[in-house]
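**Student:** Sharing a structure, written as structure tokens. Questions coming.
The values are calculated or read from the model by the stated rules, or taken from the named source; none is laboratory data. These numbers come from a predicted model, not from an experiment. Every residue, glycine as well, gets a Cβ built from its backbone with ideal geometry; the counts of neighbours run over all protein chains shown. The area values use the complete protein model at the heavy-atom level, side chains included, leaving out ligands, DNA and RNA. Shrake-Rupley method; radii C 1.70, N 1.55, O 1.52, S 1.80 Å.
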Amino acid sequence: MRILALSVAAIVLAASQVSSLQGQTAAMSHAGMLSGTIQSPICSSDNFASGEASGDLQGSFFLAFDCRDGSISGGTWLILVTTEGADGTREIRGTIRGQVVDGSFEPDGDGARIVVRGVALAVTEGTGEYAGVGGGTGSLDATADPGGAPQFVGTIALTF
């Protein structure tokens, strides 16, 4: 009798684990380009750069860095994902947002441009079509050139 009870308990436990796994979706990678303008100095937690996002997550982006001891120590980012409607207007699909974990930056050559490398990103939440997103990771590399057109160009890779 005891073996039968243990067998039933093991089957129930295994079935509960399988059903909980079926509700989860596998993480997917999303890559894109960011192109826009610089709004403030690189180490401003308000809004460093914003503009257009293209690639897997098309729309607009907003990015802010916090710095400490000459490196990126935090900040926030957001991508507002849009699509073109049948009538040519932009429709909001949702947002993906998160925290800047860390990274580095340095002046390039003559010091006019700033190269941003190896910025680690954390995906913290999504809205709209991305409301089920509760976590993930990412990376960002970019160049900021106040005299350039565009002023900010970067690549972003996210997994959520």
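**Student:** Can you tell me how many residues in region 134-160 are of a type outside the set (A, V, I, L, M, F, W, C), assigned to a strand (DSSP E or B), open to solvent by 40 Å² or more (accessible area, probe 1.4 Å) and within 14 Å of Phe48 (Cβ to Cβ)?
**Tutor:** Of the residues in that region, 1 qualify.
**Student:** When you scan region 59-72, do you find a residue that is open to solvent by less than 60 Å² (accessible area, probe 1.4 Å), more than 18 Å from Val153 (Cβ to Cβ), aliphatic (A, V, I, L, M) and in a strand (DSSP E or B), even just one?
**Tutor:** No, that holds for no residue.
**Student:** If you don't mind, there's one more thing I want to ask. Looking only at region 105-133, which residues are under 16 Å from the mean Cα position of the chain (by Cα), of a type in the set (Asp, Glu) and assigned to a strand (DSSP E or B)? Give the steps one after another, and end with the answer.
**Tutor:** Filtering region 105-133 down to residues under 16 Å from the mean Cα position of the chain (by Cα) leaves 116-133.
In the following step, the residues that additionally are of a type in the set (Asp, Glu) were identified as 125, 129.
Glu125 - this is the single residue of region 105-133 that is under 16 Å from the mean Cα position of the chain (by Cα), of a type in the set (Asp, Glu) and assigned to a strand (DSSP E or B).
**Student:** Contact list please: Cβ distance under 7 Å, first residue in region 109-135 and of a type in the set (D, E, K, R), second residue part of a strand (DSSP E or B), pairs at least six apart or on different chains.
**Tutor:** Final answer for the pair search is Arg113/Thr143; Arg113/Ala144; Arg117/Gly103; Arg117/Ser104; Arg117/Asp141; Glu125/Arg97; Glu129/Arg93; Glu129/Gly94.
**Student:** Is there any pair linking a residue in region 136-157 that is touching a residue at least 60 places away in the same chain (Cβ under 8 Å) and farther than 19 Å from Pro107 by Cβ to one that is among the aromatic types (Phe, Trp, Tyr) and open to solvent by 20 Å² or more (accessible area, probe 1.4 Å), with Cβ under 9 Å and at least six apart or on different chains, and which?
**Tutor:** Pairs found: Gly136/Phe160.
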